[in-house]
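Engineer: This is the structure I want to talk about, given as structure tokens.
The values are calculated or read from the model by the stated rules, or taken from the named source; none is laboratory data. This is a predicted model, so every value here is computed, not measured. Cβ sites come from the backbone with ideal geometry, for glycine too, and all protein chains shown count toward neighbours.
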Amino acid sequence: EDQVTQSPEALRLQEGESSSLNCSYTVSGLRGLFWYRQDPGKGPEFLFTLYSAGEEKEKERLKATLTKKESFLHITAPKPEDSATYLCAVRNRDDKIIFGKGTRLHILP
Amino acid sequence: DSGVTQTPKHLITATGQRVTLRCSPRSGDLSVYWYQQSLDQGLQFLIQYYNGEERAKGNILERFSAQQFPDLHSELNLSSLELGDSALYFCASSVQGHTPEAFFGQGTRLTVV
């Protein structure tokens, strides 16, 4: 069965303290791995798509990487406004989309 | 503002009832996705439509159905509601069927009492 597991469930960092969020996946025929950010009470906001192992994407303080079994979202020198839940999802060969349960990130000023 | 409009924002209804949630995609987007988000299950993909046709199906219950109309707006119908159907229901849209850059609406919070 296709599944996505994110770790840790929650992470508290000091402002400027870099870290990484993990997304492990098992999927039949990966057709894309996606990262989203979700603020409380709002819909997810698209961040990145990765398609093949070795691919990397960057946006401001965020960098996403992909291997054959997992993806990492690296956060460099985070600021309080980076606090949110980060969601990872995959699309399988049947175009079904499976989301992980997310990592709640809290950046302390 | 993502450009995706969902109505209503909040809905309270009784068990056994039927409700309809509505979604207007961003201008120019042909694909609409429906998701259910609850605290214990996370974000669950329900169904995707592309230009009026069903494109992909997720964990959508038989009590639930959806359609996309010629003007590209979509409706999600939930019937024989149970307490466990209480959740946030999100609609998202994208330009094409395989485009991952989906834009989410603000969601409809459904409470079944």
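Engineer: Just checking, which of B:L78, B:L43, B:L83 is touching a Leu at 6+ places or on another chain (Cβ under 8 Å), modelled with pLDDT of 95 or more and of a type outside the set (D, E, K, R)?
Structural biologist: B:L78
Engineer: Would you pick out the residues in the stretch A:56-109 that are farther than 22 Å from A:Q14 by Cβ and not in a strand (DSSP E or B)?
Structural biologist: Across the stretch A:56-109, the qualifying residues are A:T67, A:K68, A:K69, A:N92, A:R93, A:D94, A:D95, A:K96, A:G100, A:K101.
Engineer: Hey, A:E60 hits all of (1) touching a residue at least 12 places away in the same chain (Cβ under 8 Å); (2) closer than 22 Å to B:S2 by Cβ but one; which does it fall short on?
Structural biologist: Single failed check for A:E60: (1).
Engineer: Filtering the stretch B:41-58 down to residues that are within 20 Å of A:W35 (Cα to Cα) and out of contact with any Lys or Arg (no Cβ under 6 Å at 6 or more places or on another chain), which residue is surrounded by the most Cβ atoms within 10 Å (Cβ to Cβ)?
Structural biologist: Among those residues, the one meeting the criterion is B:L43.
Engineer: Here's another thing I want to ask about it. Just for the stretch B:59-93: of the residues that are more than 9 Å from chain A (Cβ to nearest Cβ) and touching a residue at least 60 places away in the same chain (Cβ under 8 Å), which one is surrounded by the most Cβ atoms within 10 Å (Cβ to Cβ)?
Structural biologist: B:S93
Engineer: Now for a different question. So which of B:Q17, B:Q6 ends up being among the polar types (S, T, N, Q) and either assigned to a strand (DSSP E or B) or within 12 Å of another protein chain (Cβ to nearest Cβ) (or both)?
Structural biologist: Matching residue, one of B:Q17, B:Q6: B:Q6.
Engineer: Related question: So A:K59 fits all but one of (1) in contact with a Phe, Trp or Tyr (Cβ under 9 Å, 6 or more places away or on another chain); (2) surrounded by 15 or more Cβ atoms within 10 Å (Cβ to Cβ); (3) of a type in the set (D, E, K, R); what number is the exception?
Structural biologist: For A:K59, the failing item is (2).
Engineer: Determine if the stretch A:66-89 includes at least one residue that is among the basic types (K, R), surrounded by fewer than 19 Cβ atoms within 10 Å (Cβ to Cβ), in contact (Cβ under 8 Å) with a residue 12 or more places away in the chain and closer than 28 Å to B:Y89 by Cα.
Structural biologist: no
Engineer: Which numbered condition in (1) at positive phi; (2) in contact with a strand residue (DSSP E or B) (Cβ under 8 Å, 6 or more places away or on another chain) is the only one that B:V112 fails?
Structural biologist: Failed condition: (1).
Engineer: I'd like the full set of residues that are modelled with pLDDT under 95, more than 8 Å from every other protein chain (Cβ to nearest Cβ) and assigned to a strand (DSSP E or B), limited to the stretch B:94-109.
Structural biologist: B:S94 - this is the single residue of the stretch B:94-109 that is modelled with pLDDT under 95, more than 8 Å from every other protein chain (Cβ to nearest Cβ) and assigned to a strand (DSSP E or B).
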